[in-house]
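Colleague: Below is a structure I'd like to ask you about.
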């Protein structure tokens, strides 16, 4: 049969071309959104992932943001806990400083009588992330609780089981026995930018589901002394007591943070500065807790500090940034790789290291056994060092820092007292010692009222002016009481840490 020309009406051809272009565009967008998702090594949790992280035109919202908040509110729950606590005894107890307490109890303590143990109750929030009852909240919401209950928006109450928690990031994972629960899709906190509109959802003051609105004020906030691992999202959305553990969501309605702390004034309420744990960090912790029952972190075995302009000049580094090695613990991955005090770590696996906090975060998120490549500056010359990471030891976990090694007081982190730090603390010229960077609230040192910013000048009458001397003075003490000479705000005094 002889072929003939095929004649197609022009309007039909136009429709076909338009359809092809629309279909191709949709496919391209879908492939782009999919390409950023993690596929291999995903946990067994049936999490709902965000469909898109593309910017949302604000002009697309009619009469407000109800379409975002209405489906999100039921996934945020009220958590109320209780625990039995014993009142502190002695003049250091807050009861002795309370005029009402003295008014009602008078001189009973002179007769050797003490108040009985009390049941302490607290309120917080949580976020349902799986339809079968996995809930993410803050560790401080449930810490020490003997009874944990969860109230849903439909007024149902459940007894919750603690799957596990991580005090260093302030994340806890709960489980309730329920099905077909409302959930929030997991977003991508690495896509956030300053100025993005966000919402904070929680149960402030036990009032019930409450939403507030603000913007991302900053990202990557660290060195606040709130947690050991800090990479906070800062916001001006109102966050108040009871919001802890609640959700921070974006305009897609996806979970991008877990509300955890506020900078409060004397009134204790919202001051327009709140902090949330990025969901990428929270999800990593959640995956490990659900899969292994605990969080396993990489370990170098050194103590890093920020490179100030003064230190950069002294160590021959052309700019600030990086992490100065203040101490290398013996028999650790760092010492075996040949790292030394005074090295400046400039890069990790080809990416710049911006600060000591940046180094700690990235090392902690690496698996033990991983080989990492460090770019360091030593004596003004750069070189590469390969280090096989170890696993953060239990003692270092208790000490509150992944990089302090061993030999210090449990629950206490210290660093060298540099001239810059001494000036910030308004100390007298020539002051020697090591400065306390964090104190675990549950530690014996906290009970002795050792605080962040204190300078330890003596340990059991031995002067200390470096971390090495500090550790040497504590070597072999075991669980014996430790006498410290502490400079607090320019005033020195002795405290005794009763170790257990």
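The values are calculated or read from the model by the stated rules, or taken from the named source; none is laboratory data. For clarity, every value in this text was computed on a predicted model and none was experimentally measured. Please note: Cβ atoms are built from the backbone with ideal geometry, for glycine as well, and neighbour counts cover all protein chains shown.
Colleague: Name the residue that is modelled with the lowest pLDDT, counting only residues in the range 442-453 that are within 23 Å of the chain's Cα centre (by Cα), assigned to a loop (DSSP other than H, G, I, E, B) and within 20 Å of residue 481 (Cβ to Cβ).
Modeller: If we take residues in the range 442-453 being within 23 Å of the chain's Cα centre (by Cα), assigned to a loop (DSSP other than H, G, I, E, B) and within 20 Å of residue 481 (Cβ to Cβ), then 442 is modelled with the lowest pLDDT.
Colleague: Checking residue 229 against (1) crowded, with 21+ Cβ neighbours inside 10 Å; (2) over 26 Å from residue 207 (Cβ atoms); (3) modelled with pLDDT of 90 or more: exactly one of these is not met. Which one?
Modeller: (3)
Colleague: Anything in the range 409-430 that is closer than 20 Å to residue 314 by Cα and either more than 30 Å from the chain's Cα centre (by Cα) or in a strand (DSSP E or B) (or both)? List them, or say none.
Modeller: Within the range 409-430, the first condition is being closer than 20 Å to residue 314 by Cα, and the residues that meet it are 415-424, 429-430.
Hits for the range 409-430 are 415, 416, 429, 430.
Colleague: Sticking with this one: Looking at the structure I just gave you, is residue 312 in a helix (DSSP H, G or I) and without any contact (Cβ under 8 Å) to a residue 60 or more places away in the chain?
Modeller: Working: in a helix (DSSP H, G or I): yes; without any contact (Cβ under 8 Å) to a residue 60 or more places away in the chain: yes.
Considered against the rule, which asks whether it is in a helix (DSSP H, G or I) and without any contact (Cβ under 8 Å) to a residue 60 or more places away in the chain, residue 312 comes out as yes.
Colleague: If you don't mind, another one. Quick one: in the range 461-472, of everything that is surrounded by 14 or more Cβ atoms within 10 Å (Cβ to Cβ) and assigned to a loop (DSSP other than H, G, I, E, B), which residue is nearest to the chain's Cα centre (by Cα)?
Modeller: Selected residue: 466.
Colleague: Out of the residues in the range 473-486 that are touching a residue at least 24 places away in the same chain (Cβ under 8 Å) and not in a strand (DSSP E or B), which is surrounded by the most Cβ atoms within 10 Å (Cβ to Cβ)?
Modeller: Here is the first cut: in the range 473-486, the residues touching a residue at least 24 places away in the same chain (Cβ under 8 Å) are 474-475, 482-486.
Going one step further and asking which of them are not in a strand (DSSP E or B), we end up with 474-475.
Values: 474: 20, 475: 10.
Across the range 473-486, the extreme among qualifying residues is 474.
Colleague: Would you confirm whether or not the range 231-242 contains a residue that is closer than 28 Å to residue 393 by Cα, assigned to a loop (DSSP other than H, G, I, E, B) and under 15 Å from the mean Cα position of the chain (by Cα)?
Modeller: Let us first name the residues in the range 231-242 that are closer than 28 Å to residue 393 by Cα, namely 231-232.
Then drop every residue that is not assigned to a loop (DSSP other than H, G, I, E, B), which leaves 231.
Next, only the ones that are under 15 Å from the mean Cα position of the chain (by Cα) stay: 231.
Looking for residues that are closer than 28 Å to residue 393 by Cα, assigned to a loop (DSSP other than H, G, I, E, B) and under 15 Å from the mean Cα position of the chain (by Cα), one finds at least one in the range 231-242, hence yes.
Colleague: Part of a strand (DSSP E or B), surrounded by 20 or more Cβ atoms within 10 Å (Cβ to Cβ) and touching a strand residue (DSSP E or B) at 6+ places or on another chain (Cβ under 8 Å), is that true of residue 248? Steps first, answer last, please.
Modeller: Values: part of a strand (DSSP E or B): yes; surrounded by 20 or more Cβ atoms within 10 Å (Cβ to Cβ): yes; touching a strand residue (DSSP E or B) at 6+ places or on another chain (Cβ under 8 Å): yes.
Yes: the conditions hold for residue 248.
Colleague: State whether one or more residues within the range 184-203 are in contact with a helix residue (DSSP H, G or I) (Cβ under 9 Å, 6 or more places away or on another chain), touching a residue at least 40 places away in the same chain (Cβ under 8 Å), outside the structural domain of residue 437 (by TED's automatic domain parsing) and farther than 27 Å from residue 54 by Cα.
Modeller: Checking the range 184-203: not a single residue is in contact with a helix residue (DSSP H, G or I) (Cβ under 9 Å, 6 or more places away or on another chain), touching a residue at least 40 places away in the same chain (Cβ under 8 Å), outside the structural domain of residue 437 (by TED's automatic domain parsing) and farther than 27 Å from residue 54 by Cα.
Colleague: Related question: Select, from 322, 338, the only residue that is touching a strand residue (DSSP E or B) at 6+ places or on another chain (Cβ under 6 Å), modelled with pLDDT of 85 or more and in the same structural domain as residue 378 (by TED's automatic domain parsing).
Modeller: Working: 338 fails: touching a strand residue (DSSP E or B) at 6+ places or on another chain (Cβ under 6 Å).
The unique qualifying residue is 322.
Colleague: Something else now. Tell me which residues, restricted to the range 193-210, are at pLDDT below 90 and assigned to a loop (DSSP other than H, G, I, E, B).
Modeller: 203, 207, 208, 209
Colleague: Out of all the residues in the range 162-176, which are assigned to a loop (DSSP other than H, G, I, E, B) and in contact with a strand residue (DSSP E or B) (Cβ under 7 Å, 6 or more places away or on another chain)? Break it down into steps so the answer makes sense when it comes.
Modeller: We begin by selecting, within the range 162-176, every residue assigned to a loop (DSSP other than H, G, I, E, B); these are 167-170, 176.
Those that are assigned to a loop (DSSP other than H, G, I, E, B) and in contact with a strand residue (DSSP E or B) (Cβ under 7 Å, 6 or more places away or on another chain): 169, 170, 176.
Colleague: Across the range 131-150, what is the total count of residues that are buried (at least 18 other Cβ atoms within 10 Å of the Cβ) and more than 26 Å from residue 226 (Cα to Cα)? Outline the logic, then answer.
Modeller: Taking the range 131-150 as the starting set, the residues that turn out to be buried (at least 18 other Cβ atoms within 10 Å of the Cβ) are 133-142, 145, 148, 150.
From what's left, more than 26 Å from residue 226 (Cα to Cα): 133.
Selection size over the range 131-150: 1.
Colleague: Also, quick follow-up: From 136, 141, which residue is in contact (Cβ under 8 Å) with a residue 40 or more places away in the chain and in contact with a helix residue (DSSP H, G or I) (Cβ under 8 Å, 6 or more places away or on another chain)? Steps first, answer last, please.
Modeller: Values: 141 fails: in contact with a helix residue (DSSP H, G or I) (Cβ under 8 Å, 6 or more places away or on another chain).
Answer to the selection: 136.
Colleague: For the range 211-222, does any single residue satisfy the condition of being in a loop (DSSP other than H, G, I, E, B) and either under 19 Å from the mean Cα position of the chain (by Cα) or farther than 21 Å from residue 166 by Cβ (or both)? Break it down into steps so the answer makes sense when it comes.
Modeller: Going residue by residue through the range 211-222, those that are in a loop (DSSP other than H, G, I, E, B) are 222.
Restricting the remaining residues to those that are either under 19 Å from the mean Cα position of the chain (by Cα) or farther than 21 Å from residue 166 by Cβ (or both) gives 222.
There is at least one residue in the range 211-222 that is in a loop (DSSP other than H, G, I, E, B) and either under 19 Å from the mean Cα position of the chain (by Cα) or farther than 21 Å from residue 166 by Cβ (or both).
Colleague: How about the range 393-423: which of its residues are surrounded by fewer than 22 Cβ atoms within 10 Å (Cβ to Cβ), modelled with pLDDT under 80 and more than 19 Å from residue 475 (Cα to Cα)?
Modeller: 420
Colleague: Shifting gears a bit: Could you list all residues from the range 276-298 that are assigned to a strand (DSSP E or B) and surrounded by 24 or more Cβ atoms within 10 Å (Cβ to Cβ)?
Modeller: Of the range 276-298, the ones assigned to a strand (DSSP E or B) are 276-278, 298.
Once the filter is applied, which keeps residues that are assigned to a strand (DSSP E or B) and surrounded by 24 or more Cβ atoms within 10 Å (Cβ to Cβ), the range 276-298 yields 276, 277.
Colleague: Being touching a strand residue (DSSP E or B) at 6+ places or on another chain (Cβ under 9 Å), free of Cβ contacts under 8 Å to residues at least 24 places away in the same chain and either surrounded by fewer than 22 Cβ atoms within 10 Å (Cβ to Cβ) or over 30 Å from residue 414 (Cβ atoms) (or both) is the requirement here; does residue 206 meet it?
Modeller: Values: touching a strand residue (DSSP E or B) at 6+ places or on another chain (Cβ under 9 Å): yes; free of Cβ contacts under 8 Å to residues at least 24 places away in the same chain: no; either surrounded by fewer than 22 Cβ atoms within 10 Å (Cβ to Cβ) or over 30 Å from residue 414 (Cβ atoms) (or both): yes.
Taking the combined requirement at face value, the residue does not satisfy it.
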